[in-house]
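The values are calculated or read from the model by the stated rules, or taken from the named source; none is laboratory data. These numbers were taken from a predicted model, which means no experiment stands behind them. Ideal geometry is used to build each Cβ from the backbone, glycine not excepted, and the neighbour counts take in all protein chains shown.
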Amino acid sequence: MARRRGRGMAACWYGIARTATVDRAAAWAEIDDGGTAKIATGVTEIGEGILTVLAQIAAEELGIRPQDVTIGDNDTARAPEAAHAGATRQTYMIGNAVALAARQARAQLVDVVASQWGVAANLVETANGEVFARKTNHRMPMGDAVSLCKSRGVVPVGAASFGTDTTGLDPVDGSGRPWQAYVFGCQVAEVEVDTLTGEVQVLGVWAVHDVGRAVNPRGVEGQIEGGIVQALGQALMEDYRIENGRTTTPGLAKYILPTALDVPHVTSVILEDRDPIGPLGVKGIGEPAMVPTIPAVMNAIYDAVGARITALPATPERVLEAIKERERASRHRAAAE
Amino acid sequence: MPDLRIDATVNGRAISRPAKPWQRLLDFLRDDLNLTGNKEGCGAGECGTCSVFLDGVLVKSCLVPVAKAQNARVETIESLGRAGALSVLQRAFHKAGASQCGYCIPGMVMAGTAALRANPLAGREEIRERLGGNICRCTGYQKILDAVELTRDVGNGTLPESALAEEEPADGRFIGANVRRLDAPSKVSGALKYAADMTMPGMLHVQVLRSPHPHARIVSIDTAGAQAMPGVAGVVMADDVPGIDGFGVFVNDQPVLARGKVRYVGDAIVAVAAEDELTARRALDHVTVVYDPLPAVFDPREAMRPGAPVIHDDAPDNITKHIPIRVGDVESGFARSDLIVTQTYSTQAIEHAYLEPEAGLGYVDPDGVVTIISPSQNITHHRHMLARILALPINRVRFIMSPVGGGFGGKEDMIYQGILALLAIKTGRPVRYVFTREESIIATAKRHPSRTTLKMGLTRDGRICAVEFRMISDGGAYGLSTEGVMRKAAILGAGPYNIANLRMDTYGVYTNNTPSGAFRSFGALQTQFATESHLDICAEKLGLDPFAIRRVNAMRDGAVTHTKQTLGSVSLMRALAAAEEAARWEAGPPSSRGATRHDLGGAGNRAPCTLGARFAAAEHAAQPEKVA
């Protein structure tokens with residue numbers, strides 16, 4: 001048979017936020033007129049969906065809707081430091097900072113409302129765009145609560161930062177505390193290998209990742225699906241070639257990327273092992289999503305055709321050569337017996 | 001060549017305008033008509049983000065000469081819908097979470113629209129084919145395919161229109177809810193402005209002269225010819241840097257513009273700002289650089305040998321960073337092992353291939369603050385570095401992060417923002433620099449290629465006794481993120497396993513290749529590829545199932561890591577069990593048993609791709625009718 005299927009798996013681990021250094025991020029929050037909110041933090045989207053995640057976090061903390069949150073401002077002159085968009089740190093570092101800042105702003109508003117109603121502040125709740133006091137009939141829209149604050153000379157604001165308790169590595173034995181949050185995962189890949197051409201198709205990937213707590217599960221899936229396909233590109237086709245310092249793959253006609261025809265179906269399973277340190281329990285997903293894919297695919301190719309690929313990418317030429325090598329070896333063994 | 005006059009209908013409106021004969025339809029739409037919704041991703045017809053309709057046919061506007069638009073009907077993304085009045089397909093993209101960075105999305109929306117116009121009942125495999133000319137680097141395509149299928153189903157009435165609406169969380173809790181992305185309407189409609197879509201009054205255009213040599217001393221640079229050209233407003237080189245030159249994520253070893261020598265093909269040397277891009281590009285032909293080529297080194301193992309060409313004077317051994325990790329005593333661990341397996345693994349350099357090539361604007365504001373707008377992944381650190389380079393107080397430098405059309409680590413390096421600052425200061429005008437795809441590929445960082453030798457000793461029951469792991473990685477011409485990548489590679493490389501005896505060494509090495517830098521998964525990808533492949537090789541030799549060998553060694557709650565950190569909760573065992581269950585894994589040793597497995601081909605797989613099978617099937621189905 002020309003086409004053979006196989007399966008492989010691989011596990012992974014990853015650290016959340018900056019490595020072996022103290023990480024930190026800050027945010028400012030304001031509960032604004034009409035029961036909306038402004039969040040300022042020095043970060044923007046790189047595509048992962050962080051703006052939506054931060055709006056969800058602020059909305060949940062304040063008891064309003066995500067679409068009522070205005071988020072930004074990605075500007076070193078206008079927003080507090082949130083540092084870089086990378087290291088699987090945005091939901092963890094900035095998400096936790098936004099939650100803390102929103103809690104401060106909410107506390108200011110709650111204090112004003114509680115004194116107006118003559119109730120203890122710890123009885124006052126905010127949810128669904130309303131402020132209310134448990135065990136009473138007191139209730140008002142968030143917008144009215146903001147107006148009340150302003151009539152008392154209070155703009156409900158908060159500012160907070162979130163930092164990590166981490167250390168560098170010892171220069172001799174590497175000991176240290178590089179991260180305070182770790183994630184783990186595991187992927188299974190199913191492939192079909194064409195033994196005449198050496199072409200490998202990845203048909204299915206089952207991906208399990210611990211994210212701490214999924215703020216937006218669809219967004220987590222998007223990170224897993226995208227990460228797997230980037231890894232699949234490195235596994236099977238992508239190759240930046242350079243000869244004597246000059247690239248021979250200078251454009252997208254030469255540098256081959258996965259298209260919609262090349263990609264597997266991905267089944268994502270989200271595990272939630274909450275981070276005990278941060279206020280939200282969130283961890284992250286951006287980078288770990290692509291760590292186990294390549295070995296899972298290489299292990300699946302081995303399962304399908306007995307060819308062990310140790311030099312990436314597993315191009316049709318390399319797979320075919322490995323299949324032939326295996327056939328030569330088994331003929332040798334047969335002849336010897 | 002005389003100018004053309006283009007008479008066409010663009011998005012339903014008649015236009016009549018002059019155009020240059022060399023312009024592409026994409027340039028005409030973006031630069032002359034200010035229709036910036038469709039983007040340029042590659043300039044070669046490969047990525048599809050510039051896709052528009054020309055007389056109703058989906059075309060890549062970067063491949064269409066503007067003259068082809070004469071008397072034609074052109075429709076861009078702006079014609080399909082706008083925020084508040086999105087098309088069904090755009091709403092489906094919003095609902096499905098089909099946009100991430102958004103840069104490919106205008107082209108995807110055009111291609112998806114074309115697919116369903118061609119066949120309103122197209123199945124998923126046909127949709128894949130019809131989107132096959134459009135590249136997305138973020139999503140993995142799954143949610144894009146979901147969105148097109150959702151559009152089809154709403155279009156043919158098998159799903160109600162309410163399937164496109166936001167699901168309100170029942171309990172009013174937004175953490176844990178599938179809230180639709182707030183930025184999606186601006187992305188699916190092409191309304192969001194990336195840096196290359198932005199203009200400023202009086203803006204100049206930047207082009208950069210780059211090194212054709214991998215390693216050479218610069219003898220002289222003569223810019224007089226360029227300076228004298230009409231339309232050229234400013235020329236800068238290393239001498240124009242007022243402060244301490246040098247940037248990098250970990251070490252500041254890369255000058256804004258080459259200083260004394262070039263270290264890779266693509267090193268920036270001279271930058272020009274001119275009234276238009278063509279003049280700036282022509283001006284580079286009037287810059288004369290005299291080089292004295294130096295011996296170059298392209299293999300990191302050769303670069304580590306004594307006597308190899310030295311690339312940076314402060315790293316005479318060419319080692320950018322070495323990270324060691326030591327646990328226990330590997331020799332005694334190997335002595336106790338029943339099985340010892342040694343294998344070498346290698347990984348290649350990878351291009352980030354974000355769909356948005358680098359682009360940015362620089363200006364000096366009325367208060368004298370040097371301001372850079374760019375898709376930088378680290379405005380905080382870039383501000384620190386640029387203030388030092390410009391010898392300005394830190395609050396006289398401002399970075400604004402424009403929407404990022406894909407980063408993946410590749411936009412953490414301050415590779416061109418210094419050039420924008422120098423030219424904005426020199427000319428006193430706003431400047432903009434937009435990379436071509438080719439320039440992005442030669443000038444910016446790649447994923448570190450690596451070569452790993454892994455020796456593992458295990459007991460008969462699969463317990464790891466000792467690991468010796470040595471990775472040598474090509475960092476290329478500058479340090480960028482090499483130090484951090486080596487650190488993460490070392491900490492995570494041996495995998496989430498209890499290993500009593502470990503000798504781990506990762507080396508990042510300077511060569512005269514394109515620099516390597518930050519790339520999503522940052523060293524953990526290269527090293528865990530080796531470890532996870534190796535565990536399967538060992539499992540086969542020991543007759544163990546792949547899950548079983550990992551369980552024997554898996555870190556559990558309270559484990560001590562290879563850096564001697566005590567962990568709290570460890571979710572690895574749960575992840576293994578969940579993956580085994582989700583995939584319906586059939587246990588057994590990894591011994592090419594694919595042919596005999598019973599867990600293949602089930603739910604969760606796509607149909608294998610056979611190009612053209614759809615047409616063959618259609619033809620086959622049509623045959624009997626012909627006979628009849």
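Some points to look at:
- Residue list for segment A:48-75, filter: crowded, with 24+ Cβ neighbours inside 10 Å and either at pLDDT below 95 or basic (Lys, Arg) (or both): A:ILE71, A:ASN74
- B:LYS488 being facing chain A (nearest Cβ under 10 Å), among the basic types (Lys, Arg) and within 27 Å of B:ASP461 (Cβ to Cβ): no
- Any strands (runs of 3 or more DSSP E) falling wholly within segment B:1-120 and containing at least 3 residues that are surrounded by fewer than 18 Cβ atoms within 10 Å (Cβ to Cβ) and modelled with pLDDT of 95 or more: B:4-10, B:13-19
- The residue that is farthest from B:VAL570 (Cα to Cα), among those in segment B:497-512 that are crowded, with 24+ Cβ neighbours inside 10 Å and of a type in the set (S, T, N, Q), is B:ASN512.
- Test: residue in segment B:113-130 that is within 24 Å of B:GLY407 (Cβ to Cβ) and under 26 Å from the mean Cα position of the chain (by Cα): no
- Sub-8 Å Cβ pairs linking a first residue in segment A:299-319 that is touching a residue at least 40 places away in the same chain (Cβ under 8 Å) and closer than 14 Å to A:GLN201 by Cα to a second residue that is polar (S, T, N, Q) and surrounded by 22 or more Cβ atoms within 10 Å (Cβ to Cβ), at least 6 apart or interchain, are A:ASN299/B:SER533; A:PRO313/A:GLN234, ordered by first then second residue.
- Candidates A:ALA253, A:ALA189, A:ALA214 - the one that is of a type outside the set (Asp, Glu) and not in a loop (DSSP other than H, G, I, E, B): A:ALA189
- Residue match in segment B:254-265 (condition: outside any loop (DSSP other than H, G, I, E, B), in contact with a helix residue (DSSP H, G or I) (Cβ under 8 Å, 6 or more places away or on another chain) and of a type in the set (Gly, Ala, Ser)): no
- In this entry, A:THR293 is excluded by the filter for residues that are among the hydroxyl-bearing types (Ser, Thr, Tyr), more than 8 Å from every other protein chain (Cβ to nearest Cβ) and surrounded by fewer than 24 Cβ atoms within 10 Å (Cβ to Cβ).
- Condition met for B:VAL404 (β-branched (Val, Ile, Thr), surrounded by 24 or more Cβ atoms within 10 Å (Cβ to Cβ) and more than 14 Å from chain A (Cβ to nearest Cβ)): no
So that you can scan it fast, the table gives a plain yes or no per residue for (1) touching a helix residue (DSSP H, G or I) at 6+ places or on another chain (Cβ under 9 Å); (2) at positive phi:
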{"residue": "B:ARG487", "(1), (2)": "no, no"}
{"residue": "B:ALA490", "(1), (2)": "yes, no"}
{"residue": "B:ALA494", "(1), (2)": "yes, no"}
{"residue": "B:ILE499", "(1), (2)": "yes, no"}
{"residue": "B:LEU502", "(1), (2)": "yes, no"}
{"residue": "B:TYR510", "(1), (2)": "yes, no"}
{"residue": "B:THR514", "(1), (2)": "yes, no"}
{"residue": "B:GLY517", "(1), (2)": "yes, no"}
{"residue": "B:PHE522", "(1), (2)": "yes, yes"}
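- Residue tally, condition facing another protein chain (nearest Cβ under 7 Å) and of a type in the set (S, T, N, Q), over segment B:523-567: 4
- Breaking point among (1) within 7 Å of another protein chain (Cβ to nearest Cβ); (2) touching a Lys or Arg at 6+ places or on another chain (Cβ under 8 Å); (3) of a type in the set (Gly, Ala, Ser); (4) surrounded by 18 or more Cβ atoms within 10 Å (Cβ to Cβ), for B:ALA518: (2)
- The set of residues from segment A:116-133 being of a type outside the set (Val, Ile, Thr) and either part of a helix (DSSP H, G or I) or closer than 23 Å to A:GLY153 by Cα (or both) comprises A:GLN116, A:TRP117, A:GLY118, A:ALA120, A:ALA121, A:ASN122, A:LEU123, A:GLU125, A:GLY129, A:GLU130, A:PHE132, A:ALA133.
- Condition met for B:ALA421 (more than 10 Å from chain A (Cβ to nearest Cβ), over 27 Å from B:THR566 (Cα atoms) and touching a strand residue (DSSP E or B) at 6+ places or on another chain (Cβ under 9 Å)): yes
- Checking the stated criteria, A:GLY222 turns out to be facing chain B (nearest Cβ under 7 Å), crowded, with 23+ Cβ neighbours inside 10 Å and touching a Gly at 6+ places or on another chain (Cβ under 6 Å).
- Comparison of A:ILE285, A:ILE301 shows that the only residue that is more than 7 Å from chain B (Cβ to nearest Cβ) and in a helix (DSSP H, G or I) is A:ILE301.
- Answer residue from segment B:141-175, given it is in contact (Cβ under 8 Å) with a residue 12 or more places away in the chain, within 10 Å of chain A (Cβ to nearest Cβ) and closer than 30 Å to A:ALA99 by Cβ and is surrounded by the most Cβ atoms within 10 Å (Cβ to Cβ) among those: B:LYS143
- Among residues of segment A:284-298 that are assigned by TED's automatic domain parsing to the domain that holds A:CYS186, those with a Cβ under 7 angstrom from a residue that is of a type in the set (Gly, Ala, Ser) and assigned to a loop (DSSP other than H, G, I, E, B), sequence gap 6+ or separate chain, pair up as A:GLU287/B:SER521; A:MET290/B:SER521; A:VAL291/B:SER521; A:MET298/A:ALA314.
Yes/no matrix, rows are residues, columns are (1) acidic (Asp, Glu); (2) surrounded by fewer than 23 Cβ atoms within 10 Å (Cβ to Cβ); (3) in a loop (DSSP other than H, G, I, E, B); (4) in contact with a helix residue (DSSP H, G or I) (Cβ under 9 Å, 6 or more places away or on another chain):
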residue	(1), (2), (3), (4)
A:HIS84	no, no, yes, yes
A:ILE94	no, no, no, yes
A:ALA105	no, no, no, yes
A:ALA114	no, yes, no, yes
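- B:SER189 being in contact with a Leu (Cβ under 7 Å, 6 or more places away or on another chain), buried (at least 20 other Cβ atoms within 10 Å of the Cβ) and among the hydroxyl-bearing types (Ser, Thr, Tyr): yes
- Filtered residues of segment B:574-612 (kept if basic (Lys, Arg) and within 7 Å of chain A (Cβ to nearest Cβ)): B:ARG574, B:ARG593, B:ARG597, B:ARG606
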